[in-house]
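See below for the structure under consideration.
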Amino acid sequence: MTDSHKPLEDLLHENRHFPPSNEFVDQANANNSDIFNRGKNIESFWEGHAQEFQWFRKWEKVLEWDCPWAKWFVGATTNLSVNCLDRHIKSWRRNKAAFIWEGEPGEERVITYADLYRDVNKFANCLKSHGVKKGDRVTIYMGMIPELPIAMLACSRIGAIHSVIFGGFSVDSLIDRINDAQSKLVICSDGAFRRGNIIPLKRNIDEALKSCPCVEKVIIVRRIGEAAQFHTVEGRDLWWHRMMQEASPWCEPERMDSEDPLFILYTSGTTGKPKGIVHTTGGYMVGVGTTHKVVFDIKEEDVYWCTADIGWVTGHSYLVYGPLCNGSTNLMYEGAPDWPERDRFWSIIEKYRVSIFYTAPTAIRTFMRWGVEHINSYDLSSLRLLGTVGEPINPEAWMWYHENIGRGKTPIVDTWWQTETGHIMITPLPGITTTKPGSATKAFPGIEVDVVDEEGNTVKEGGGYLVIKKPWPGMLRTVWGNPDRYVQTYWSKFKNMYFTGDGCKRDKDGYLWLMGRVDDIMIVGGHNLSTTEVESALVDHHDVAEAAVIGRSDEITGQAIVAFVTLKLGVKGTQDKIEELKSHVARKIGPISRPKEIFFSADLPKTRSGKIMRRLLRDIAEKRNLGDTTTLADPSVIQALREKYEED
Ligand code: ATP
Ligand code: MG
């Protein structure tokens, strides 16, 4: 029987299974499925893990839940910088590397826990000496340099609320976010290196501050030097290195209530105007520390590399707070994966013997497009665990990652979570879970997720909305300055359930398959189709590197499928290729999914965190004005696509 005669459900079935190897299981932090039974009692599960952290005062109650308002570890006090630093410098970890940093031009710095502790204390004193107090907001706008986590930890030491803005953002995005948070102080670097160019961060700040009267002081880190070319403003601008020379090396940590805000972080803006997500102290700490240790199977000797920028939640939770809670060694790389050559990541892995590598599907698809010749000359045998986050990973991209980077051996953890969730929610446990390419598998212990229909009823097998049914420690507590938006966005669609905004399918084994944003679901001839499935079918074709699929309105079918496709390097985008790809999709998932139109494009519009922005492609296909484009990585991509689309 050929594929095209199979019923739809059958074709969605992924038959490849990857159980963890015995070798991995034997040494894993979590290798007994009893952890899932313990996780059924949410409060006792998280309370058990909370005991592993340092508190000034313990909680009176684990959880107070007045939907949608949660308090975790009620009455407890702690300080996150103490958990990330003070705990470790009392042991031999004092001289362990906290960060191994590589600059884009090639410099290397090793920062031990003792170094980090000293600098954080000093910088916390600098902030205090300029009047920053508990509860004040501080905006941080830097490239990927060690001063960025130092600044965050210094804020957390004195109880200031940090708002990190990704260094790729423009002046307008800065103005919105600084004013929304009403930041009193800004910490920036003079500039950042990106593919050999200089991004003028301080000049952007100067421009933005013309419209941000709330900001009193700016602290500047010197990264670029002369070439950054900017003016300092007398009485407002201060140099980091000058302040640090005089600062005293001990700063008493603030006793933070478990529910005191730790940071504000704006969402990526894939679906609309970014939201200022508020995270608090105690629950977030327990959530990120625990998930980091269990999901990444962290061992003392690991060299762990999360490639995310700290400007995104993945960088906050899994490059700064989670790993430092666990005393692990983090690799931090300043620049782009293709600078100076397309082998930079693999050369870094070989050079530092990286053992755990956590990246995004968008990066994996880019590596696929570039081809394995950039990889094969490197020794990647130090890798023992791989992870992915940010978008659904297409099964073929998963297989490519498994074979070419994992050499067919290392487990892959496909982790689903959001800025709002604070930490990983759905993931395999690498020493327990049998993985299936493209599935994030099941909820982390102590987390209760479900797939529900329009009425909020559980869908045992099949597709629906992904919801979270019980509060979790790292959950957002509100949207900054806008509690109504918090209630409206997350708690209004279904009663007593957190609405994630993502579509999801559950298979007969209870495995979860993320299907992209519910806003992106297409209705073709009365059938619900997910963009993810059609994209994965396209990526399954050997000539395709990446695909973005949308539904545009169509008089006959309701919606028609339009696909924007990036071919692998060297493949020609001919009319024949279009027909071939259409048939490939029809064969893979059924004739109903056959795209009506296919466009070839070397680039797809993506957010600065690398996610495909389908809403803009929909605007193009329906010939509307483009919605909010401020979070686009490269606005010229969408312009070029629009022109091309209208020509055709
Ligand atoms: P906005 O909310 O402003 O539109 P955003 O949702 O892109 O921005 P993030 O919080 O960075 O902002 O992204 C979370 C989203 O990323 C999830 O809701 C989901 O759609 C997607 N995602 C993250 N990890 C995975 C994963 N492993 N599999 C599938 N989707 C994922
Ligand atoms: Mg979102």
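Values quoted throughout were computed directly from the atomic coordinates according to the rules given, and no laboratory measurement underlies them. The structure presented is a predicted model; accordingly, all values stated were derived computationally and were not measured. Counting neighbours? That spans all protein chains shown, and the Cβs are built from the backbone with ideal geometry, glycine included.
Numbers for the structure displayed
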| quantity | calculated |
| --- | --- |
| Cross-link pairs beyond the 21 Å C-alpha cut-off, checked among Lys508/Lys582; Lys460/Lys495; Lys40/Lys493 | Lys508/Lys582; Lys40/Lys493 |
| For the range 174-218, size of Cβ-based charge dipole, Lys and Arg +1, Asp and Glu -1, in debye | 180 debye |
| Those GluC sites (Glu not before Pro) in the range 543-615 that DSSP places in a loop and that have at most 11 other beta carbons within 10 Å | Glu555 |
| Surrounding net charge for Asp450, when Lys and Arg each add one and Asp and Glu each subtract one, Cβ distance under 15 Å | +2 |
| Residue among Ile349, Ile165, Leu581 farthest towards the positive dipole end of the chain, charges placed on Cβ | Ile165 |
| Residues Thr415, Thr489 arranged by fewest to most Cβ contacts within 10 Å | Thr489, Thr415 |
| Residue-by-residue Karplus 3J(HN,Hα) for the range 119-127, coefficients 6.51, -1.76, 1.60, Hz, glycine and proline x | 5, 5, 4, 5, 5, 4, 5, 4, 4 |
| HN-Hα J in Hz across the range 27-36 - Karplus 6.51, -1.76, 1.60, θ = phi - 60°, x for Gly and Pro | 9, 6, 4, 10, 9, 10, 5, 4, 4, 6 |
| In Hz, Karplus ³J(HN,Hα) per residue of the range 242-259 (6.51, -1.76, 1.60; θ = phi - 60°; x = Gly, Pro) | 5, 5, 5, 4, 9, 6, 7, x, 9, 10, 4, x, 5, 7, 8, 5, 3, 9 |
| Sparse-neighbourhood loop sites, trypsin sites (Lys or Arg not before Pro) in the range 15-91 - DSSP loop, at most 15 other Cβ within 10 angstrom | Arg16, Lys40, Lys58, Lys90 |
| Residues whose placed amide H lies under 5 Å from that of Val303, excluding near-sequence neighbours | Ser355, Ile356 |
| DSSP beta bridges in the chain [antiparallel fraction, %, rounded to 5] | 60 percent |
| For the range 544-648: rounded, prolate or oblate by the Cα gyration tensor [a/c cutoff 1.5] | oblate |
| Pairwise Lys count, the range 88-149 - Cα closer than 24 Å, eight or more residues apart or different chains | 4 |
| Value of relative contact order over the chain, rounded to a whole percent, pairs C-alpha under 8 Å and six or more apart | 13 percent |
| Cα gyration tensor shape for the range 430-500, rounded if a/c is under 1.5, else prolate or oblate | oblate |
| Cα gyration tensor shape of the range 149-218, rounded if a/c is under 1.5, else prolate or oblate by comparing a/b with b/c | oblate |
| Extreme residue, positive dipole direction of the range 43-189, given options Val138, Ile178, Gly106 (C-beta unit charges) | Val138 |
| Net charge contributed by nearby residues that have their C-beta within less than 14 Å of Ile198 (K/R +1, D/E -1) | +2 |
| Kirkwood Rh and Cα Rg combined as Rg/Rh, the chain | 0.95 |
| Amide H contacts of Phe56 (H built 1.01 Å from N, under 5 Å, at least 5 apart or other chain) | Thr77, Thr78, Asn79 |
| Computed [θ] at 222 nm, deg cm²/dmol, the chain (DSSP H ≥ 4; -39,500 (n - 2.57); rounded to nearest 500) | -8000 deg cm²/dmol |
| The range 69-179: relative contact order in percent, alpha carbon pairs under 8 Å with at least 6 residues between | 23 percent |
| Sum of side-chain charges, Lys623 neighbourhood, beta-carbon under 11 Å (Lys, Arg +1; Asp, Glu -1) | +1 |
| Placed amide H near Ala547: partners under 5 Å, 5+ positions off or other chain | Thr566 |
| In nm, spacing of pseudo-spin labels at Glu300 and Leu569 (7 Å Cα→C-beta vector) | 4.3 nm |
| Qualifying GluC sites (Glu not before Pro) for the range 277-343 [loop in DSSP, other Cβ within 10 Å: at most 14] | Glu300, Glu301, Glu341 |
